[in-house]
1. Every other copy gets compared here: list the nm distances from the B:LYS73 label point (7 Å along Cα to Cβ) to its counterparts, shortest first, one decimal.
2. In nm to one decimal, list the spacings between the B:LEU115 label point and its equivalents in the other copies, with label points set 7 Å along Cα to Cβ, shortest first.
3. Cα centroids of the range A:71-138 and the range B:106-138: how far apart, whole angstrom?
4. Placing a label point 7 Å from Cα toward Cβ, how far apart in nm is B:PHE46 from its equivalents in the other copies, listed shortest first to one decimal?
5. To the nearest 100 Å², how much accessible surface do chains A and B hide from each other in total, with a 1.4 Å probe?
6. So what is the diffusion coefficient of the range B:68-132 in µm² per second by Stokes-Einstein at 4 °C and 1.567 mPa s, using a Kirkwood Rh over Cα pairs?
7. Could the peptides B:120-131, A:72-83 be put in order, highest first, of the mean number of other beta-carbon atoms found within 10 Å of their residues?
Number of protein chains: 2
Amino acid sequence: MKKIIFVFSALSICILALFQISKYSFISSYTSIEFIIALVAVIFLFIGLYLNRKNKNVKKLQSEEIDWKTVKKLGISNREYEVLVEISKGYSNKEIGEHLFVSESTIKTHVSNLLVKLEAKRRTEALRRAKELHIIVG
Amino acid sequence: MKKIIFVFSALSICILALFQISKYSFISSYTSIEFIIALVAVIFLFIGLYLNRKNKNVKKLQSEEIDWKTVKKLGISNREYEVLVEISKGYSNKEIGEHLFVSESTIKTHVSNLLVKLEAKRRTEALRRAKELHIIVG
DNA sequence: CTCAATTTGGTACTTTAGTATGACCCTAAG
DNA sequence: CTTAGGGTCATACTAAAGTACCAAATTGAG
């Protein structure tokens, strides 16, 4: 919202400035008015492009951001979340154990807890749930 | 590319039209020039916004579009692809069999073939590969 | 310190997943 | 007609995943 206010203020200033320029050019010559209008058109075209580019980036980030609030709400611990990420990378329990330097048994415990917390029967279902809840990246 | 040519043509026509308008308003009064400039600014601002919105939609679709060429290149058949999609939804072989009205054995065969074609050891790894290759939606 | 939650790990078990192999039917291409 | 590829299914097997239960060390908040 702050961004919008700032942008509108900037635009207002720009318009006023252009009015001042137009007054001078009005007196000076005929062709320069056309030039000013073309300039205004181009400038505001690029302003429009710039504004929407900002918007796009924000939206893209939103869809790829992780909803940590949901992670906490589900009671998923740090270690459990690490395991979840490893699962999403397609690793087996054994491989995950090697990556995190713990035994396969430990991973199995974490996975079991994750399945309960994500209300899933299988790790693939857990993956889908996690994606729906935006707690892992697509 | 056709779109870009069309848009540039339209913009050229708009600019020429505005030049004509500006000539008349130049003669008529003083305040109308400022109005025309403001109008041009607003119009081109919205044109800029519209153009980028189009762009955004295209980009979004690209990232969510399925690369059927890769599917064919990997030799994945229709039925196998259906199974792949079901896997991505987190279903078990048994459930997939029920959804596609075939036995679990058939699904196992399809999954095995998929794992070979996707160079994966597990269904979760196959999922990751499929996402990387853009042959399923994230 | 005490308590609760986290993290770790084990055993024993059941279930699901995946492999290997063979077989049958169907269809489209040669 | 023959052949290749796709789809179906089964059996027997191994591997991985998941459950249930227990237990110990660690850590952080009150």
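The values are calculated or read from the model by the stated rules, or taken from the named source; none is laboratory data. A quick note: this is a predicted structure, and the numbers were derived from the prediction, not measured. Positions of Cβ are generated from backbone atoms using ideal geometry, with glycine treated the same way; all protein chains shown enter the neighbour counts. Just the protein is used for accessible areas: all its heavy atoms, side chains included, with ligands, DNA and RNA removed. Shrake-Rupley method; radii C 1.70, N 1.55, O 1.52, S 1.80 Å.
1. 4.1
2. Here B:LEU115 shows inter-copy label distances of 1.8 nm.
3. Between the Cα centre of the range A:71-138 and that of the range B:106-138, the gap is 19 Å.
4. 2.3
5. Details: alone 10560 and 10540 Å², together 17470 Å².
In total, chains A and B hide about 3600 Å² from solvent.
6. 112
7. Numbers: B:120-131: 19.4, A:72-83: 15.7.
The peptides rank, most packed first, as B:120-131, A:72-83.
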